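Computed from the coordinates by the stated procedures, all read-outs in this text should not be read as laboratory data. Nothing here was measured: the structure is a model prediction, and the numbers come from that model. Cβ atoms come from the backbone with ideal geometry, glycine included; neighbour counts cover every protein chain shown.
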Amino acid sequence: MTNSYWLLALLVVPLVGAALVMLVPKANETLAKQLALLISLVTFGLTIAMCLEFVVAKAAEFQFAYSISWVSNYNINFALGVDGIALVLIALSTSLVPIVLLAGWHDADGARGTVRGYVALILVLEAAMVGVFAATDLFLFYVFFEAMLVPVYFLIGRYGGPRRNYAAVKFLLYSLFGGLLMLASLIGLYVVSGNLTGHGTFDFTSLAALSIDPTTQKWLFAGFFIAFAIKAPLVPFHTWLPDAAAESTPGTAVLLVGVLDKVGTFGMLRYCLELFPDASHWATPLVIVLAVIGIIYGALQAIGQTDIKRLIAYTSVSHFGFIALGVFVMTSQGQSGSALYMVNHGFSTAALFLIGGFLISRRGSRLIADFGGVQKVAPVLAGTFLVAGLSSLALPGLSSFVSEFLVLVGTFERYTWVGVVATLGIVLAALYILLMYQRTMTGPVPEAVAEKVHDLRGREVLAIAPLLVVIIALGFYPQPVLDVVNPAVDRVMHAVGSTDPAPQVAPVAEGTHK
Amino acid sequence: MNALADAVPKFDIPTIEYAALAPILIVLGAAVVSVLVEALLPQRYRRSTQLVIVFAALVGAFVAVVAARGTQQIVAMGSVAIDGPTLFMQGSILVLAAIAALVMAERKVDPAGDSFAPRASALPGSEDEQVFTRLGWLQTEVWPLFLFCVGGMLLFPASTDLLTMFVALEVLSLPLYVMVGLARRRRLLSQEASLKYFVLGAFSSAFFLYGTALLYGYAGTVSLSGIADALTNSAGDTGLVLAGVGLLAVGLLFKIGAAPFHQWTPDVYQGAPTSITGFMAACTKVAAFGALFRVLYVALGGIRWDWRPMMYVIAALTMIVGTLFALTQTDIKRMLAYSSIAQAGFMLVGVVALSSQGLQGTLVYLVAYGIATVGAFAIVTLVRDSTGEATHLSQWAGLGKRSPVVAAAFALFLLAFAGIPLTSGFTGKFAVFTAGIQGGATPIVVIGVVASAVAAFFYVRVIVLMFFNEPQAEGGPSVVIPSAFTTLAITVAVALTVVIGVLPQLVFTLVSQAGTFVR
């Protein structure tokens, strides 16, 4: 098999870029930022070119495969490849990085660390994000999964808000704990594969083909699932997220919540379900209960927040509940919806965090109570914030609606009552978004707001505009993404041995699917 | 004629395989020369001569190890085994000792000269001592001690009978006791550490010897393969063996620093001159693990089901005690000491795996741990205030701002200890944990991963201190710019930590070539 170099390029370009950025003199901050932006745009351009090469008909297979032996003693390969789901998540990651760099042009100014260090860490993180979605060798996946923590840890700890130390350490320890449990399961899986086939392997496809004894599956599943549940995060493993998101810069928060946390739900879909089908069925009731609790609890918490960034973080806890629910209801609508949701949530949360960040940096406060009447002084800012918020509450016509609807349809097909409870989450979403909008953007204008808050400027508009375009475009026409995702979802459904229940409503996702 | 020939007892000239023994002989020979240099050469020539001797001996011995690769035989009339694991450990000890020696040779960091006492025999705080300090005396007596110690370490994991092993244990331990007491600063602490180490060390040696005696009582021989044969042939009453094994294990586990025989570690690591701490933390562990493996796998493989539960408990206890106590430390050297206890616990997972994978995993872990340890202690020597090394953790606050490069190197070593992927520490952890699960020791591995997660906390805390906190106000410690010696040591340690992390196959190839023990 010939190796394809697309994915390797997506890994190498940001890494080399990070090294180049570190060579820029410390004082020349603008050059470092420009260089980083250029590199992230090149990476994004490569991603687009790669996406055009992607064969949608074969989206269930791993395309652009690249593999070389890495640690032959343990049969470990440096193996990359993407199916439809991984492809869209990589596209999400590489498209958000230039936006984050552009929007957060002044985020690192005056921080403890240098500006070139900030942008270099973001580029390193970009490489790790590509790697974690592209790895088809479980050992390699684990390496990226853990290595990813280090740049984020420094991004929060060196460039974050007042409680950054606490937030950074909490983030790292939660993630490490999950990661180490996963390591034990991963090694267990390797040993099991050795016992079953005579030679141990970390290759995903070979491992997915094994039939592991159900009791062993449960143990191995537990290690992987806890790691992903912490990452995603599901209630009750979520407490690190509001702290980490609130204390990091808006850009870091976007990458953290928008992309990194997707590794958790991506991992559930790809690894938990396909590798441990029996255990996944066994765990389904528990996961669904946790997911529904997360939907409602996250939304209620969001309503009660007084801090804009913590509010956005809690909305994500609620949304991750939806994504996990969609994955574990074991219907193709649910899983397609979840995969699409991962992308949509990435864009709408990015818009919320970035515009929220503009607002916060202008006023110098994160408290909702400090704002009011912003739409009078900064109409464009308020308007874009409203669109992002409406997308987050799943207004029809904006992207999140389609995915949330698919997840709920998938849920109703199998668990009516769960669907009913989860739907409450949408009502609550309207409440937290609109209340926040009302409190910050409408009403009388406090003096401090009138004085400090000015409207979005060129660079900021340039950063936000693509996000809104994507949100609206995917809201009206999500089919391209669904077409890419669906074959991979079908593969998962097949692996996990689930078939959709006899449809009581006309299937939506398969509408034009051939 | 014939009658006369019968009357004289037949005497075989012992055969000595000089080539195979060359690494040990070179280092011990150099040690003797080094003593002579100390005695005969005028003081101003001693340092340069000693350094030449030390590095020539280490390099020469390493070359001899490489030249002997592939050897798989018992030499020196059945008392020394030169096999793959021996050579791998000897090579590791020599590399680690060479890096540590670079740190010991540093003379630019301490304004008073080097980090060793101007006269070790003077009473701490006495007038004598003050006089010597004022005169600016610099001693080089540490080098012969160092070489003897390394010689003992090379022999310890190679010994195939318990008496040779005991002699090696003493040869490596006695110089260490003295070296621990040589610190220039905080003399009292250093001497206390030395005495503590000596008394407890002598005690554990006695345990080792008693265990040897009991095993001799059972098997009628002290050779490891002889004991193994005795165990296979008379599978009956093993009471004497078990008592012997228990006592022997106490002696070995003491040197490893495994709980509950770890109490000396924090005090000794703290009191010893920091360069010596790095040396002993890295090299002693390699040698002692080598000996432990050889005893357990070669001699006592037949009764593995009897000693395995004991090692289970000790491995778990060591991991738990090491991590929990490290959490509460406020002194960087004590924290690293408890961390080394926890690391010993992780390495013991390889021992309970009962397989060649377990042996190989622990060997990889030892190398990874040793390199990071020598590097970390080398950096500790650089962070100083007016009274000497600033070892209180609070003094490390904001180090990343003042000296980003040094702080980054230290952070790398800490991440390696914590076992973050792409550092050497992860390679080691992965290897021992895999061996552990393959060997059916899954519960221990689970305890191991949980302990690793807890351990990450205190490693990360130091990173937080260095990078995320503001430096102390005026008068805080600063990083001294060292001479080429320490710089080279840290550079090599950093490079190896990264290389073993990113390209683990290199070291896996080496250990799998090492194969298994010769009997």
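Here are some notes:
- A straight Cα-to-Cα reach below 29 Å connects A:Lys309 with the lysines A:Lys33, A:Lys170, A:Lys231, A:Lys262, A:Lys376, A:Lys452, B:Lys401, residues fewer than 8 places away in its own chain not being considered.
- Between region B:147-181 and region B:364-411, the alpha-carbon center distance in angstrom: 29 Å
- In order through region A:55-72: 3J(HN,Hα) via Karplus (6.51 cos²θ - 1.76 cosθ + 1.60), integer Hz, x for Gly, Pro: 8, 5, 4, 10, 5, 7, 8, 7, 9, 6, 5, 9, 8, 10, 5, 10, 10, 5
- Placing +1 on the Cβ of every Lys and Arg and -1 on the Cβ of every Asp and Glu, with nothing else charged, gives the protein assembly as shown a dipole about its Cα centre of roughly 1620 debye.
- Inter-label distance for B:Tyr18 and B:Ser483, nm, one decimal - labels placed 7 Å from Cα along Cα-to-Cβ: 3.5 nm
- Within the protein assembly as shown, helix-based [θ] at 222 nm, where runs of 4 or more DSSP H residues each add -39,500 (n - 2.57), nearest 500: -23000 deg cm²/dmol
- Magnitude of the charge dipole, region A:6-496, Cβ model with Lys/Arg +1 and Asp/Glu -1, debye to 20: 1100 debye
- In chain B, the longest principal axis of the Cα atoms and the axis of helix B:484-502 are about 60 degrees apart.
- Helix A:308-328 axis, angle to chain A major axis (alpha carbon atoms, nearest 10°): 20 degrees
- Net charge, B:Gly84 excluded, C-beta distance under 15 Å - Lys, Arg +1, Asp, Glu -1: +2
- Under 20 Å from the Cα of B:Lys429 - aspartates and glutamates, other chains or at least 8 residues apart: A:Asp137, A:Glu146
- Farthest towards the positive end of the charge dipole of region B:16-514, among the residues B:Ile24, B:Gly302, B:Leu242, is the Cα of B:Ile24, using unit charges on the Cβ of Lys, Arg, Asp and Glu.
- Acute angle (nearest 10 degrees) that the helix A:479-496 long axis makes with the longest principal axis of chain A, alpha-carbon atoms: 40 degrees
- Over 28 Å [Cα-Cα, region B:16-514], rounded percent: 50 percent
- Hits among aspartates and glutamates - C-alpha to C-alpha of A:Lys58 under 16 Å, sequence gap 8 or more where chains match: A:Asp83, A:Asp483, A:Asp490
- By the count of neighbouring beta-carbon atoms within 10 Å, fewest first, A:Val82, A:Val132, B:Val131 end up ordered B:Val131, A:Val132, A:Val82.
- Cα gyration tensor, region B:1-111 - rounded (a/c under 1.5), prolate or oblate: oblate
- DSSP-assigned coil residues among trypsin sites (Lys or Arg not before Pro) in region B:343-449, each with at most 13 further Cβ atoms within 10 Å: none
- Charge dipole (region B:16-514, unit charges on Cβ, about Cα centre) - positive-most of B:Ile99, B:Thr164, B:Thr442: B:Ile99
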